[in-house]
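So the structure is just underneath, and the comments pick up after that.
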Amino acid sequence: MRVELVRAWAGRFEAAVVHVPAGAVVADALAAAGWALDTEFVALAVFGQTAGPQTPLEEGDRIELLRPLQCDPMQARRRRAGARTRR
């Protein structure tokens, strides 16, 4: 079955398409692509839903390697809102 893997950094991304046998899990797709979780990519998702290495895959799934947040999303929103009100 065909599965897509995606990982991104600021300003660029990489994508890979791999073919894995039926019944494959996320770890199988990562191995087929030659990718791994490390300190830079700390979590996995399948179509935006949290996943683990043993999550079963289906034809056409997209696996996303996720980096840690650089700042708290609520703090960033408050800063943007505050900047707008000070104009």
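Per-structure values
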{"item": "Pair list, Cβ < 6 Å and 6+ apart or interchain, from the range 64-87 residues that are under 30 Å from Ala33 (Cα atoms) to residues that are modelled with pLDDT of 80 or more and among the charged types (D, E, K, R)", "result": "Leu65/Arg7"}
{"item": "In the range 1-40, residue nearest to Leu69 (Cα to Cα) [restricted to those that are touching an Asp or Glu at 6+ places or on another chain (Cβ under 6 Å) and in contact (Cβ under 8 Å) with a residue 24 or more places away in the chain]", "result": "Arg7"}
{"item": "Verdict on Val6 being modelled with pLDDT of 95 or more and touching a helix residue (DSSP H, G or I) at 6+ places or on another chain (Cβ under 6 Å)", "result": "no"}
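The values are calculated or read from the model by the stated rules, or taken from the named source; none is laboratory data. Not measured: the values here are computed from a predicted model. Ideal geometry is used to build each Cβ from the backbone, glycine not excepted, and the neighbour counts take in all protein chains shown.
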